[in-house]
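Structure record follows, encoded as structure tokens.
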Amino acid sequence: MIKAVIFDFDGLIVDTESIWFDVFQEILQEYGVDLSLETFSKCVGSTDDALYEHMEIHATKPFDRMEIDREAEKRYQDFVEELVLRNGVLDYLKEAKRLGIHIGLASSSGMDWVKRYLTRFGILSYFDVMWTGDQVSEVKPDPELYERTIDSLQLQPEEAVVFEDSGNGLLAARRAGIPCVVVPNRVTRQISFEGYALKLSSMEEKSLREVLAYLNN
């Protein structure tokens, strides 16, 4: 019986990932580098290491990683006001509360980043526990974030379900032994996900009650 739902943040609750892709694609073009969705998706839910490894191979002029990060952050801010909750997220949070199910969050991003958005959209109070990248030694695809979340909830892995949008997140959940529902976004839609318990085009496709009924069977 599932007693907790655990959400990823970036790309799942709010689709920050699609903006980051557009921003980095534009910047990397200035260095002669084509950034595909396939390459960028390796970073989604984890670190940007794969992105800069790609640049090391293909850049036509020298680059400074910190300088690119600063420029990306600056350009990202031009779009931040356009961000909204992904479809169905608020319904899932409300339904989990009605059902008396614990709600957790596990994100490779930092706590300040996550709280900023959860506060902006008025959903911070829904979460019983939160674990972020600045609280662990390894981020996804390492399972530590999910292991710590489960431990905080005092549950067994099979008593929870994870909602993820990325391959790195799915792998982290699987390594932690937690069933995972995949809800891809524009950037991660092309990933060949493997080993998920259920895949949805959006949280509007099935209600949380329907998802839990499916997983509990």
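I want to confirm something. Restricting to segment 90-110 and keeping residues that are assigned to a helix (DSSP H, G or I) and touching a residue at least 60 places away in the same chain (Cβ under 8 Å), which single residue is nearest to Leu153 (Cα to Cα)? Lay out the reasoning, then the answer.
Quick first cut of segment 90-110, residues assigned to a helix (DSSP H, G or I) only: 90-99.
Checking which are touching a residue at least 60 places away in the same chain (Cβ under 8 Å) leaves us with 91-92, 95-96, 99.
Values: Asp91: 22, Tyr92: 19, Glu95: 19, Ala96: 15, Leu99: 16 Å.
Result: Ala96.
Going through (1) part of a helix (DSSP H, G or I); (2) surrounded by 16 or more Cβ atoms within 10 Å (Cβ to Cβ); (3) not charged (D, E, K, R) one by one, Val44 falls short only on (1). Residues in segment 148-170 that are among the β-branched types (Val, Ile, Thr) and either in contact with an Asp or Glu (Cβ under 7 Å, 6 or more places away or on another chain) or assigned to a strand (DSSP E or B) (or both): Val161, Val162. In the set (1) open to solvent by 10 Å² or more (accessible area, probe 1.4 Å); (2) farther than 30 Å from Val129 by Cβ, the condition left unmet by Leu28 is number (1).
For every residue, the table says whether it meets (1) part of a helix (DSSP H, G or I); (2) among the charged types (D, E, K, R); (3) surrounded by 15 or more Cβ atoms within 10 Å (Cβ to Cβ).
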{"position": "Tyr117", "(1), (2), (3)": "yes, no, yes"}
{"position": "Gly122", "(1), (2), (3)": "no, no, no"}
{"position": "Ser125", "(1), (2), (3)": "yes, no, no"}
{"position": "Glu138", "(1), (2), (3)": "no, yes, no"}
{"position": "Asp142", "(1), (2), (3)": "no, yes, yes"}
{"position": "Tyr146", "(1), (2), (3)": "yes, no, yes"}
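For segment 57-99, residues that are β-branched (Val, Ile, Thr) and closer than 23 Å to Gly11 by Cα total 4.
Of all residues in segment 205-217, those being in a helix (DSSP H, G or I), open to solvent by less than 90 Å² (accessible area, probe 1.4 Å) and free of Cβ contacts under 8 Å to residues at least 12 places away in the same chain number 1. The set of residues from segment 185-204 being free of Cβ contacts under 8 Å to residues at least 40 places away in the same chain and open to solvent by 30 Å² or more (accessible area, probe 1.4 Å) comprises Arg189, Ser192, Glu194, Gly195, Tyr196, Ala197, Lys199, Ser201.
Of the residues making up segment 60-89, those that are surrounded by 15 or more Cβ atoms within 10 Å (Cβ to Cβ), part of a loop (DSSP other than H, G, I, E, B) and among the hydrophobic types (A, V, I, L, M, F, W, C) are Phe63, Leu83. Within segment 148-184, the set of residues being open to solvent by 20 Å² or more (accessible area, probe 1.4 Å), in contact with a Ser or Thr (Cβ under 8 Å, 6 or more places away or on another chain) and of a type in the set (Gly, Ala, Ser) comprises just one member, Gly167.
The values are calculated or read from the model by the stated rules, or taken from the named source; none is laboratory data. Since this is a predicted model, take the numbers as computed values, not measurements. So basically every Cβ, Gly included, is an ideal-geometry build from the backbone, and we count neighbours across all protein chains shown. Surface accessibility is based on the protein's heavy atoms, side chains included, excluding ligands, DNA and RNA. Shrake-Rupley method; radii C 1.70, N 1.55, O 1.52, S 1.80 Å.
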